[in-house]
1. Provide the FRET efficiency to the nearest 0.05 for the E31-L5 pair, computing r from the beta carbons and using R0 = 22 Å.
2. Could you tell me which of rounded, prolate or oblate describes the chain, using a ≥ b ≥ c as the square roots of the eigenvalues of the alpha-carbon gyration tensor, with rounded for a/c under 1.5 and, failing that, prolate when a/b is larger than b/c and oblate otherwise?
3. Report the Cα centroid-to-centroid distance between segment 1-18 and segment 24-45 in angstrom, as an integer.
4. If each of S22 and L44 carries a label point 7 Å out from its Cα toward its Cβ, how far apart are those two points in nm?
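Please treat every number below as a calculation from the coordinates, not as lab data. Owing to the predicted nature of the structure, the values given are computational and were not obtained by experimental measurement. Neighbour counts run over all protein chains shown; Cβ positions are idealised from the backbone, glycine included.
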Amino acid sequence: MGNRLAEMQLRILWEEIMQRFSRVEVLAEPERVRSNFVRGYTSLPVRLHPL
């Protein structure tokens, strides 16, 4: 259940971001979490371009 809830929250978040901004520009390579148990990112610098 936790995974599905997280997926739904991310989908809604991206829908709202894309309604407010015309483009999301990635500024640098993402920094990954150093873990054998967790896969993810510690940072991903982006620039949001308004509509």
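1. Numbers: r = 26 Å, r/R0 = 1.16.
My answer for the efficiency is 0.30.
2. On the way: a/c = 5.47, a/b = 1.25, b/c = 4.38.
The shape class here is oblate.
3. 18 Å
4. So the two model labels end up 2.3 nm from each other.
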